[in-house]
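The values are calculated or read from the model by the stated rules, or taken from the named source; none is laboratory data. All values reported here derive from a predicted model rather than from experimental measurement. FYI the Cβ positions are ideal-geometry reconstructions off the backbone, even for glycines, and counts take in every protein chain you see. These area figures cover heavy atoms from the full protein model, side chains too; ligands, DNA and RNA do not enter into them. Shrake-Rupley method; radii C 1.70, N 1.55, O 1.52, S 1.80 Å.
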Amino acid sequence: MAPDRLAQLMAMLERDPGAPAGADAPLLSVWGGKITTFRLLAEEAADRLSPLLGLSRGPWTRGAVLPGGDLSVAIRPTGRPDTDFAAFVAELGRRHPEVAPARRLRLARAYGAQALALLAGPQGAEVAPGLHEAELEYLRRAEWAHQADDVLWRRGKLGLHLSAPQREAVARWCERHWGAVAAPTACARSLPS
């Protein structure tokens, strides 16, 4: 890329960090942001890319529920997220007393109402503390996990709570069940225990 074009793009990005990097390539990189504004940012990104892709849909996320966000499948919502979440965790405990309370809470935080489906069948072997084969298979099937790093670092930060040998155990399981692409990256291997 010519230095003057690079300078022009950098100036544009400094003014507007969500600006497309060029009209000839429908690619938009987004970094930063807050959990409280992700929907607006996503809508703005879609608005910027839609004309380049010949699409027009308009905003739709205001009333959309995120996957796992509809807790009414298990509880009667009160309209207070803190109360509703506590009621949902309690309901998970009633339905699955065999699951350790810490794991129920982690699953509820990570998957919301989808934790019900995850816990509905056999859990399989515990691959690392609190992480069972059923969850790994769910992540592969429903959330497109392809390697250990997807499970440990991208979907959540589970890797922060596991020791190096435990992260390696997850990587070995993923590689054994999902193939060579599941090998951990240097990042996952180099963190302290």
Just read off the accessible area of residue 61 with the full protein assembly in place, 1.4 Å probe, to the nearest 10 Å². 20
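I'd like to check one number: the per residue accessible area of segment 31-133, probe 1.4 Å, reported in Å² as a whole number.
Per-residue accessible area for segment 31-133 comes out at 65 Å².
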With a ≥ b ≥ c the root eigenvalues of the C-alpha gyration tensor of segment 34-193, is it rounded (a/c under 1.5), prolate (a/b larger than b/c) or oblate? oblate
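May I ask for the net charge around residue 50, where only other residues with Cβ less than 15 Å from the Cβ of residue 50 are counted and Lys, Arg are +1 while Asp, Glu are -1?
Values: positive: 48, 57; negative: 43, 44, 47.
Every neighbour counted, the sum reads -1.
In whole percent, and with a 1.4 Å probe on the protein chains, what portion of the accessible area of segment 45-163 is carbon and sulfur? Write out the running numbers ahead of the final one.
Details: 4080 of 7010 Å².
The value for segment 45-163 is 58 percent carbon and sulfur by accessible area.
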Net charge over other residues, Cβ less than 14 angstrom from the Cβ of residue 154 (K, R count +1; D, E count -1): +1
